[in-house]
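The values are calculated or read from the model by the stated rules, or taken from the named source; none is laboratory data. Keep in mind that this is a model prediction, so the values were computed, not measured. Here the Cβ positions follow ideal geometry from the backbone for every residue, glycine too, while neighbour counts run over all protein chains shown. Note: areas computed on protein heavy atoms with side chains; ligands, DNA, RNA excluded. Shrake-Rupley method; radii C 1.70, N 1.55, O 1.52, S 1.80 Å.
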Amino acid sequence: MCGAVIPERVEEQLGIARAASARYFGHLRLASNGKQTDVLLGSESRSKAGLSMVDWRTAPLAEVFFGYGEGEEYGVTIEGRHLEGTVVQRNLVAFNGADLVELQTPRARFLREGDGWRELPLPERPSLRPASPHPAPILDPAQQRAVDLPPGGALLLLGEAGAGKTTVALHRVVALQHRAKKRFRAAVVVPTEGLRRLSRSLLDRLGTPAVEVYLYDKFAAKQARRVFRGLPRRESQSARASVIRFKRHDALRSLLRELPPRAVTSRTDLHELFGDRALVEKMVREAGLPLPTISDLLEHTRIQFSNTTEEEFSGTQASALQTLDGRAIDEGTVREDARTIDVEDYAVLFELDALRGATARPPRYDCIVVDEAQELAPLELGLIGRSLKPKGTLIVAGDREQQVDDTACFRGWDETMRELGAAKHDRVELAIGYRCPPEVEAFARARLALDGDFSFRPGVEVTCVEEVKGLEFDQVILPDLEAYGGTDQSRHALYVASTRASDQLVLAAAGRPSPLLDFSAPGTGR
């Protein structure tokens with residue numbers, strides 16, 4: 001569509017943009033209880049002219065935008081209230097300054113051209129499930145068998161992205177709850193907020209709102225505060241990465257054994273542990289951690305166990321301790337972590353107490369689901385394992401290939417299950433992926449090929465220049481042109497890397513490209 005013709009949906013969106021007077025990237029029109037509501041997704045939450053804008057990172061309604069398509073029925077819980085309805089419209093938008101310049105619906109893309117708009121139809125997305133004349137069941141046979149296993153024991157669900165691990169884990173906990181003949185207490189523990197919201201939504205749709213769903217951080221805090229007295233109310237906000245890595249490291253166990261035995265484990269033990277230079281230096285050496293970790297941890301511990309400015313000057317007139325913005329005096333300063341505890345400390349306290357004879361026991365559950373377990377550190381897994389009743393059911397889901405947080409010290413699934421107290425367990429590998437088309441799955445299977453370990457099969461191999469002499473590939477991608485300087489060595493390396501391509505060469509740079517390349521030549525461009 002060209003000229004001055006403006007499609008109806010675009011015209012409607014232009015009116016919404018004018019009323020909002022703000023940039024946003026997504027628009028939802030929801031129908032519920034006979035009414036329609038427009039919701040915008042942006043970088044903040046506010047209301048104007050009858051329009052609601054929500055923060056896409058934190059608002060529960062963002063789950064509807066990312067999880068449901070037009071015409072689908074949605075369900076979401078907001079501040080304890082369960083809302084249901086239908087998605088009427090779902091639009092992606094783009095702005096140039098204050099001007100709306102692009103609108104994408106599920107079926108078409110509209111681009112602004114002068115005073116008019118051009119429509120580009122989008123290809124129909126193929127079904128990710130095999131076509132069948134009969135409606136597909138919610139679970140395939142392999143998934144259903146995992147759900148139907150007897151109560152008790154431990155189940156490890158493995159599979160690639162989109163294989164249904166989360167779905168199977170949640171269906172199993174729902175099935176167990178329905179079978180229970182007495183009070184059944186279950187918890188789902190996940191590492192990310194997005195997964196927590198998804199799990200909560202799926203459980204609500206399955207009619208099981210009583211199952212508790214926690215971020216690991218919140219679960220650990222809840223368990224620790226039930227057991228260890230006198231823990232600070234606030235958690236630290238500015239712990240360095242080196243401090244977090246130290247406290248999640250498996251080598252910390254050997255350090256815990258050097259603390260003196262006590263009848264009661266408390267926060268005081270954390271000060272003796274993380275404030276002792278000799279102990280900290282010993283672990284840094286043994287674990288091969290960077291030397292700056294020592295000073296980072298000692299200083300962080302010193303601040304955590306010091307008083308806040310308000311406490312130090314508690315005898316001062318109250319008005320002298322008030323800030324203009326109403327925030328605490330230390331907030332945003334190097335002292336803001338005074339009188340705090342780290343999320344990582346909860347697991348440390350439980351591990352130390354276990355080494356001393358485990359006098360402190362956290363509240364226990366009949367069933368615990370641990371999703372994306374590869375992102376949890378050994379001591380954190382131990383905390384979760386101690387929260388399961390002796391004859392309870394443990395359900396663990398994960399994918400080694402999706403392990404992204406190296407501070408978790410992931411050491412394989414056998415070790416993961418052992419840390420959870422479930423060395424003996426059933427293992428089910430879900431082989432069928434339902435999320436991604438085969439081409440996407442093949443692309444995602446990038447392999448790190450070092451020491452000549454090339455598969456020479458379809459897929460993506462990640463390697464370095466020194467490994468590819470004499471080899472050829474259909475396509476070669478050089479993502480770091482800024483790394484090739486103006487030396488002869490760089491020229492030789494760039495020559496070797498680029499001449500491996502038999503069909504296509506793709507060049508990219510995060511900074512200024514190599515001075516060896518002439519982008520002013522005809523047919524080239526940045």
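Structure notes:
- Cross-link pairs Lys182/Lys222; Lys391/Lys424; Lys181/Lys218 - those with Cα-Cα distance over 20 Å: Lys182/Lys222; Lys181/Lys218
- Between Phe454 and Leu149, residue separation times 0.36 nm minus the direct Cα-Cα distance comes to 105.8 nm.
- Fraction of accessible area attributable to carbon and sulfur, the range 145-223 (%, probe 1.4 Å): 58
- Relative contact order of the chain, pairs being alpha-carbon contacts under 8 Å that are 6 or more residues apart, as %: 13
- For Ala510, neighbours were defined as the other residues whose beta-carbon sits under 9 Å from its Cβ, and their charges (Lys and Arg +1, Asp and Glu -1) total -2.
- When shorter helices are ignored and each DSSP H run of at least 4 residues is given -39500 (n - 2.57), the per-residue value for the chain at 222 nm works out to -9000 deg cm²/dmol.
- Charge tally in the Cβ shell below 15 Å around Ala483, where Lys, Arg are +1 and Asp, Glu are -1, Ala483 excluded: -1
- Here the extension length gained between Ala98 and Arg226 equals 41.0 nm, from 0.36 nm per residue of separation less the Cα-Cα distance.
- Estimated FRET transfer efficiency when R0 is 60 angstrom, pair Glu415-Glu11 (beta carbons, to 0.05): 0.50
- By average C-beta atoms within 10 angstrom, highest first, the peptides 376-386, 190-200, 405-415: 376-386, 190-200, 405-415
- Extension gain for the segment Ala510 to Asp474, taken as residue separation times 0.36 nm less the Cα-Cα distance, is 10.6 nm to one decimal.
- Listed by chain and number, the lysines whose alpha-carbon sits under 22 Å from that of Lys35, ignoring those within fewer than 8 places in the same chain, are Lys48.
- Cα pair distances exceeding 29 angstrom across the chain, given as percent: 67
- Each residue was assigned an accessible area with a 1.4 Å probe, and for Thr268 the value is about 80 Å².
- Of Phe184, Phe66, the residue with the largest accessible area leads and the full order is Phe66, Phe184 (1.4 Å probe).
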